[in-house]
1. Hey, can you tell me all the residues within segment B:363-381 that are surrounded by 14 or more Cβ atoms within 10 Å (Cβ to Cβ), within 24 Å of B:T210 (Cα to Cα) and out of contact with any helix residue (DSSP H, G or I) (no Cβ under 6 Å at 6 or more places or on another chain)?
2. Taking segment A:281-321, which residues are touching a residue at least 24 places away in the same chain (Cβ under 8 Å) and basic (K, R)?
3. Identify the single condition in (1) assigned to a helix (DSSP H, G or I); (2) under 24 Å from B:R163 (Cα atoms) that B:D353 does not satisfy, given that it satisfies every other one.
4. Tell me which of these B:T155 doesn't satisfy, since it passes every other one: (1) farther than 23 Å from B:P9 by Cβ; (2) part of a loop (DSSP other than H, G, I, E, B).
5. Can we say B:T53 is out of contact with any helix residue (DSSP H, G or I) (no Cβ under 8 Å at 6 or more places or on another chain), outside any strand (DSSP E or B) and under 17 Å from B:N178 (Cβ atoms)?
6. Looking at the structure I just gave you, is B:E275 closer than 28 Å to B:H170 by Cα, in a helix (DSSP H, G or I), among the acidic types (D, E) and assigned by TED's automatic domain parsing to the domain that holds B:R335?
7. Any residue at all in segment A:17-33 that is without any contact (Cβ under 8 Å) to a residue 40 or more places away in the chain and part of a loop (DSSP other than H, G, I, E, B)?
There are 2 protein chains.
Amino acid sequence: MNNFEYCVPTRVLFGRDTHKQVGTVIKEYGFKKVLVHYGGGSVKKSGLLDQVTDSLKEQGIEFVLFGGVKPNPTLSLAKEGMELCRQEGIDFILAVGGGSVLDSAKCIADGTLNPEIDPWKYFIKEASPDKALPHGNILTLSASGSETSLSCVITNEDGNYKRGFNSKTHRPLFAILNPELTFSVNKFQTGCGSVDIMMHTLERYLGGNTKDTPLTDRIAEGLLTSVMEAGAIVDKDPKNYEARATLMWAGSLSHNDLTGLGREFMMQVHQLEHELSGLYPCIAHGAGLSALFCSWSRYVCEKDPMRFAQLAVRVMKVEMDFEEPLKTALKGIDRLEEFFQSIKMPVRLSELDDAVREEDFEVMAEKCSFNGTRSLPGIRTLGKQEMIDVYRMAY
Amino acid sequence: MNNFEYCVPTRVLFGRDTHKQVGTVIKEYGFKKVLVHYGGGSVKKSGLLDQVTDSLKEQGIEFVLFGGVKPNPTLSLAKEGMELCRQEGIDFILAVGGGSVLDSAKCIADGTLNPEIDPWKYFIKEASPDKALPHGNILTLSASGSETSLSCVITNEDGNYKRGFNSKTHRPLFAILNPELTFSVNKFQTGCGSVDIMMHTLERYLGGNTKDTPLTDRIAEGLLTSVMEAGAIVDKDPKNYEARATLMWAGSLSHNDLTGLGREFMMQVHQLEHELSGLYPCIAHGAGLSALFCSWSRYVCEKDPMRFAQLAVRVMKVEMDFEEPLKTALKGIDRLEEFFQSIKMPVRLSELDDAVREEDFEVMAEKCSFNGTRSLPGIRTLGKQEMIDVYRMAY
């Protein structure tokens, strides 16, 4: 087990009707003027936005509405948000939505208080924010884990670069998690969410070569098992509160470090996927991950068959083949692939909505390897050529 | 699943040599004068206390030493500490030790800033602290989970009452967890620690009748399995870093709410044990729990055999008896008892160091039931008579 530092200060309010407390909660902290940040029409149509603003009004809290976030949130919209916060004297950002809205809010929070720095510099690691506006959220989609995590992913339309960075400034002050708010998420988006949740843990579990993390492993395995069970239930019964609750809480735990503590953390598949949905912004992140993951697994698993066998036995319920552990490993990957298919997730790039073209693999690998200057460490190191291999295998 | 609120803001620094950073960490927060609180001679003998004070001196931080905490920490010593903090103008308390030292520090932290209130009132729920001195810790014993929890247990020598209460003021600012600092803990204390860690999760897992908490359940089961594996290793090989690390991290997770989220939380066995070690202060908390738990389990399990069967199958590796689940439940309890015995923990009150006398059961039940005015809710409600029954069964 490696040394680690762990701190998740976000206050989680979990359960039915919790979103109605938002005004009271913000009032407790003493904030005066809130930017309410959201996406498209769904939070309006569902009445959620009205419930939120009513709750703020009841507590006499001023607010400014700022919608328009799309999947794969953009730097340009975030820059508009920063300008607005400064003009309006906003002292708190409330994100109402899924991971895209939350990440956009984090980017705005970083940028608002640091007007002298080009915010893209944070994403290309040329600067890091030392302060940010405080922010919190009401989550409407179980997926990214952004509601308690320190990560933030933004797309710069200038070159279609999708990049993320971690910062303590990204930890929300609070996260309001009401599983009922996800009842209306359609099957495809729900499936994408389940995949994304699993990936955050799987990438930690299969991310490197650390040994001796039995407690972290078992927490990770328990989370994966629970998400697969709940994902299958929700696919048939979208208003099943208990299964929605499992997905929602798993989403937070899966990306707040708990499931990888003491382990190296590489995220090769996420990096490969970011190039994909960076180039094809219509590709949902979870669908991209689903299309890549099993091919990536088959590509790297020979380097550590016992690790993949552990996953196969403990999570995918494969019987251990003690003579040929690699067979167990591969059978586990097959079962995971079957699970993705059972919730109608793509398992090949060619299944994705957009017609991904083979000739793009070179471009994506070029970007992902920073023009061939970096390799991605992991169970198997991926240089530019290996990245192309994985994209091809997944096609 | 029930609604819940969850927030564990304590910053954990985990791993080898982390305790040497303590001066730097305290300096970061800007504290000027630290009360270094500890127990007996072991932190002196091991050289740990010197390493801590050296680290403080290096950063130019003033400090006052205040030792003398014994197992089952007393209110009178804590009151001395409050007086000392006020006299010396202390702005931070650093606890160096196990759960007793940490709880004593929490009690001092609450009392110092509230001199007008008798601190025992917090423990009998007649008042609650609205402010406290900030505090942090360097842990030397994996057991109580006090290093990140909001609980604090103190014994009032005036009547031998042992009482605990939860408060946000009890969350440490930081917890420095170096498993190497537990290498010298003897087998008996290590065993007591493993039992205590398991109990914090078991009491949540078996505490009430909540349904539909699959993710919390699997995290709990993973933790229990890991602690049993690590506990057995450490019993034979006390300097096994990885197993000590598992116990240490499990200790924190087991009592910071994670393993019971969404569930009712009753702690019947803890309440019964507090009377025991309240009356016989020489009884180690973990040993008291170990002596009571399996009898308590047998006493209540008929009310929810399937819950106990789940524990038996998933953690104790018992084959499910589908015709008679109660048999599975009981077999699981037997295996747990065997595990306790394998690490030389008592499984009967009559095995405890002190000669516990049968005629005390009435007195203990009288105290635990607040003179017969309260029952303990749970899988099976325990009134005064049922408490006596459990003590008798465990004798």
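1. Hits for segment B:363-381 are B:S375, B:P377.
2. Initially, segment A:281-321 is screened for residues touching a residue at least 24 places away in the same chain (Cβ under 8 Å), giving A:281-305, A:307-308, A:310-311, A:314-315.
Hits for segment A:281-321 are A:R298, A:K303, A:R307, A:R314.
3. Among (1) assigned to a helix (DSSP H, G or I); (2) under 24 Å from B:R163 (Cα atoms), the lone unmet condition for B:D353 is (1).
4. Here B:T155 clears every test but (2).
5. On the way: out of contact with any helix residue (DSSP H, G or I) (no Cβ under 8 Å at 6 or more places or on another chain): yes; outside any strand (DSSP E or B): yes; under 17 Å from B:N178 (Cβ atoms): yes.
Criteria met by B:T53.
6. Working: closer than 28 Å to B:H170 by Cα: yes; in a helix (DSSP H, G or I): yes; among the acidic types (D, E): yes; assigned by TED's automatic domain parsing to the domain that holds B:R335: yes.
The answer is yes for B:E275.
7. Keep residues of segment A:17-33 that are without any contact (Cβ under 8 Å) to a residue 40 or more places away in the chain, which gives A:20, A:23-24, A:27-28, A:30.
Remaining after also requiring part of a loop (DSSP other than H, G, I, E, B): A:30.
Checked segment A:17-33: at least one residue is without any contact (Cβ under 8 Å) to a residue 40 or more places away in the chain and part of a loop (DSSP other than H, G, I, E, B).
Residues are listed down the side, and each one gets a yes or a no for (1) more than 10 Å from chain B (Cβ to nearest Cβ); (2) under 16 Å from the mean Cα position of the chain (by Cα):
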{"site": "A:N178", "(1), (2)": "no, no"}
{"site": "A:L181", "(1), (2)": "yes, no"}
{"site": "A:D212", "(1), (2)": "no, no"}
{"site": "A:T225", "(1), (2)": "no, no"}
{"site": "A:M228", "(1), (2)": "yes, no"}
{"site": "A:A243", "(1), (2)": "no, no"}
{"site": "A:G251", "(1), (2)": "yes, yes"}
{"site": "A:E264", "(1), (2)": "yes, no"}
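The values are calculated or read from the model by the stated rules, or taken from the named source; none is laboratory data. The model shown is predicted, which means the values in this text are computed figures rather than measured ones. Here the Cβ is made from the backbone with ideal geometry for all residues, glycine too, and neighbour counts use every protein chain on show.
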